[in-house]
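Reviewing the structure listed below.
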Amino acid sequence: MDPWRYSTEGISVALRVTPRGGRDDIDGLETLANGRTVVKVRVRAIAEGGEANRAVTELLAKALGVPKRNVRVLSGTTSRLKQIAVDGDPARLGEALRILTAAKPD
(Lines give C-alpha, C1' and ligand atoms only; values in the text may rest on other atoms or scores of the structure.)
Protein backbone atom coordinates (compact mmCIF):
# COMPACT_ATOMS: atom_id res chain seq x y z
CA MET A 1 0.00 0.00 0.00
CA ASP A 2 1.48 3.35 -1.02
CA PRO A 3 1.85 5.93 1.76
CA TRP A 4 0.36 8.62 -0.48
CA ARG A 5 -3.16 9.42 -1.62
CA TYR A 6 -4.15 11.11 -4.85
CA SER A 7 -6.46 14.10 -5.08
CA THR A 8 -7.48 16.48 -7.85
CA GLU A 9 -4.90 19.05 -6.65
CA GLY A 10 -1.98 16.65 -6.21
CA ILE A 11 -1.06 14.12 -3.54
CA SER A 12 -1.00 13.77 0.23
CA VAL A 13 2.02 11.90 1.62
CA ALA A 14 2.43 10.20 5.02
CA LEU A 15 5.96 10.76 6.36
CA ARG A 16 8.06 9.74 9.33
CA VAL A 17 10.66 12.44 9.84
CA THR A 18 14.00 12.12 11.64
CA PRO A 19 15.26 15.59 12.58
CA ARG A 20 19.02 16.05 13.02
CA GLY A 21 19.46 13.03 10.74
CA GLY A 22 22.87 14.09 9.43
CA ARG A 23 21.69 14.80 5.90
CA ASP A 24 18.56 15.76 3.97
CA ASP A 25 17.35 12.60 2.24
CA ILE A 26 14.45 10.29 1.48
CA ASP A 27 15.26 6.89 2.99
CA GLY A 28 12.52 4.81 1.36
CA LEU A 29 9.44 3.22 2.89
CA GLU A 30 8.77 1.92 6.38
CA THR A 31 5.88 -0.06 7.82
CA LEU A 32 4.91 1.16 11.29
CA ALA A 33 3.80 -1.09 14.15
CA ASN A 34 0.15 -0.31 13.32
CA GLY A 35 0.65 -1.58 9.75
CA ARG A 36 0.62 1.86 8.16
CA THR A 37 3.26 2.55 5.51
CA VAL A 38 5.12 5.86 5.55
CA VAL A 39 7.91 7.50 3.59
CA LYS A 40 11.03 7.81 5.76
CA VAL A 41 12.65 11.23 5.55
CA ARG A 42 15.66 12.61 7.41
CA VAL A 43 16.71 16.24 7.64
CA ARG A 44 19.70 18.02 9.15
CA ALA A 45 17.50 20.66 10.78
CA ILE A 46 16.48 20.51 14.42
CA ALA A 47 12.84 20.09 15.44
CA GLU A 48 12.55 23.60 16.83
CA GLY A 49 10.68 26.65 15.61
CA GLY A 50 9.47 24.87 12.50
CA GLU A 51 13.01 24.30 11.18
CA ALA A 52 12.51 20.58 10.50
CA ASN A 53 9.14 21.17 8.83
CA ARG A 54 10.69 23.80 6.55
CA ALA A 55 13.55 21.43 5.67
CA VAL A 56 11.08 18.61 4.92
CA THR A 57 8.95 20.75 2.61
CA GLU A 58 12.05 22.05 0.80
CA LEU A 59 13.44 18.52 0.41
CA LEU A 60 10.18 17.20 -1.03
CA ALA A 61 9.78 20.20 -3.36
CA LYS A 62 13.30 19.67 -4.72
CA ALA A 63 12.95 15.86 -5.00
CA LEU A 64 9.59 16.12 -6.78
CA GLY A 65 10.52 19.09 -8.96
CA VAL A 66 7.77 21.43 -7.75
CA PRO A 67 7.97 24.98 -6.34
CA LYS A 68 8.32 25.18 -2.54
CA ARG A 69 4.94 26.96 -2.35
CA ASN A 70 3.32 23.73 -3.67
CA VAL A 71 4.37 21.73 -0.57
CA ARG A 72 2.76 22.21 2.85
CA VAL A 73 2.31 20.36 6.13
CA LEU A 74 -1.31 19.22 6.51
CA SER A 75 -0.95 17.67 9.95
CA GLY A 76 1.68 16.62 12.45
CA THR A 77 3.58 19.91 12.65
CA THR A 78 4.97 18.94 16.07
CA SER A 79 5.11 15.18 15.45
CA ARG A 80 7.56 12.91 13.65
CA LEU A 81 4.57 11.53 11.74
CA LYS A 82 3.32 14.09 9.25
CA GLN A 83 0.87 14.42 6.38
CA ILE A 84 2.29 16.60 3.61
CA ALA A 85 0.29 17.96 0.67
CA VAL A 86 2.04 18.40 -2.67
CA ASP A 87 0.15 20.31 -5.36
CA GLY A 88 0.72 19.33 -8.97
CA ASP A 89 -0.03 16.56 -11.45
CA PRO A 90 -1.00 13.61 -9.19
CA ALA A 91 0.13 10.92 -11.66
CA ARG A 92 3.56 12.51 -12.15
CA LEU A 93 4.03 13.13 -8.42
CA GLY A 94 3.03 9.57 -7.54
CA GLU A 95 5.43 8.15 -10.11
CA ALA A 96 8.26 10.37 -8.85
CA LEU A 97 7.62 9.20 -5.26
CA ARG A 98 7.53 5.59 -6.39
CA ILE A 99 10.96 6.01 -8.01
CA LEU A 100 12.40 7.93 -5.04
CA THR A 101 11.23 5.32 -2.51
CA ALA A 102 11.89 2.21 -4.61
CA ALA A 103 15.58 2.99 -4.89
CA LYS A 104 15.94 2.52 -1.13
CA PRO A 105 14.01 -0.49 0.21
CA ASP A 106 13.60 -0.66 3.98
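In whole percent, and with a 1.4 Å probe on the protein chains, what portion of the accessible area of the chain is carbon and sulfur?
The computed percentage sits at 51.
Over all distinct Cα pairs, what is the inverse of the mean 1/r for region 1-74, reported as the Kirkwood hydrodynamic radius in Å?
For region 1-74, inverting the mean 1/r across all distinct Cα pairs yields 12.8 Å.
Between residue 100 and residue 78, what FRET efficiency follows from the Cβ-Cβ distance if R0 is 25 Å, with the result rounded to 0.05?
Computed FRET efficiency for residue 100 and residue 78 comes out at 0.50.
As a check on your grasp of the helix formula, calculate [θ] at 222 nm for the chain: sum -39500 (n - 2.57) over DSSP H runs of n ≥ 4, divide by the residue count, round to the nearest 500.
One gets -8000 deg cm²/dmol as the mean residue ellipticity at 222 nm.
For region 36-53, just list the computed ³J(HN,Hα) in residue order, Karplus coefficients 6.51, -1.76 and 1.60, θ = phi - 60°, integers in Hz, with x standing in for Gly and Pro.
Using θ = phi - 60°, the values come out as 6, 9, 9, 8, 8, 10, 10, 9, 6, 4, 7, 8, 9, x, x, 4, 5, 4 Hz.
In whole Hz and in residue order, list the ³J(HN,Hα) couplings for region 68-81 that follow from phi through the Karplus curve 6.51 cos²θ - 1.76 cosθ + 1.60, θ = phi - 60°; x for Gly and Pro.
4, 5, 7, 10, 8, 7, 7, 8, x, 4, 10, 10, 6, 8
When only Cα pairs under 8 Å and 6 or more residues apart are kept, what is the percent relative contact order across the chain?
RCO, the chain: 33 percent.
Please list, ordered by chain and number, the residues whose modelled amide H lies under 5 Å from the amide H of residue 29; skip anything fewer than 5 residues away on the same chain.
Hits under the 5 Å cutoff: 40, 106.
Using a 1.4 angstrom probe, figure out how much accessible area the chain has per residue, in square angstrom, rounded to the nearest whole.
56
The values are calculated or read from the model by the stated rules, or taken from the named source; none is laboratory data. Predicted model, so just to flag it, every value in this text is computed and none were measured. Note that we place each Cβ from the backbone using ideal geometry, even for glycine, and neighbour counts take in every protein chain shown. SASA here: full protein model, heavy atoms, side chains in, ligands and nucleic acids out. Shrake-Rupley method; radii C 1.70, N 1.55, O 1.52, S 1.80 Å.
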